[in-house]
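Rule-based calculations on the coordinates, nothing more; no lab input. All values reported here derive from a predicted model rather than from experimental measurement. Backbone-built Cβ (ideal geometry, glycine too); neighbour counts: all protein chains shown.
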């Protein structure tokens, strides 16, 4: 970590403590500000090293505090059910859960008897996902574009990337592997990058598209896109 990052870390910590202290005298969201600041400076830790969490207010932490989770649990649960249903429809023996987070989808597929390789760049989330799986299913900590070729071939592939979509290396690997996956289930939070990535999968066609109102009263939409190999 560069020297200036330590000074920034101390400044953020001091600001958060001040906000928390002022919240005892005024109507200020001090706790929320503190949590936001903690999350912000935790990411100054260099890649590959553990992030710093000062405290976790959850009564029974179920997953790493700084790992991604959806903000709408009801819609997220429905979306995950549909992802699992689409994957199981092709009767896979093996599957890849790419951008797997804490492994909820991977665990659901493994419970259904599928051998799953979960891939996640967040090392803490990947380790947590690994604890939810039993061999031969496994969790791989790393970038999807660097790890997916070693996990292929697979009968089914789940893609659940951030808004930036998937790297071109991912779509290239999926589009050229033989035999191809029986299905690719792509969960997207940005229709623009979804369209770009689907356009790169020249040997697949869209079988179904389902939007989800994950973020009500906003312009954002979550989309499940089912892709099948072209005949």
* Asked: Over the Cα atoms of the range 108-231, what is the Rg over Rh ratio if Rh follows Kirkwood?
  -> 0.96
* So how do 90-99, 116-125, 210-219, 74-83 stack up, highest first, on mean other-Cβ count within 10 Å? -> 116-125, 90-99, 74-83, 210-219
* Using packing as a proxy for protection, rank 150-162, 187-199 so that the peptide with the highest average count of other Cβ atoms within 10 Å comes first. => 150-162, 187-199
* Asked: Of all DSSP beta bridges located in the range 73-229, what percent are antiparallel, nearest 5?
  -> 45 percent
* Asked: Tell me, what is the FRET efficiency for residue 71 and residue 203 to the nearest 0.05, using R0 = 22 angstrom and their Cβ-Cβ distance as r?
  -> 0.05
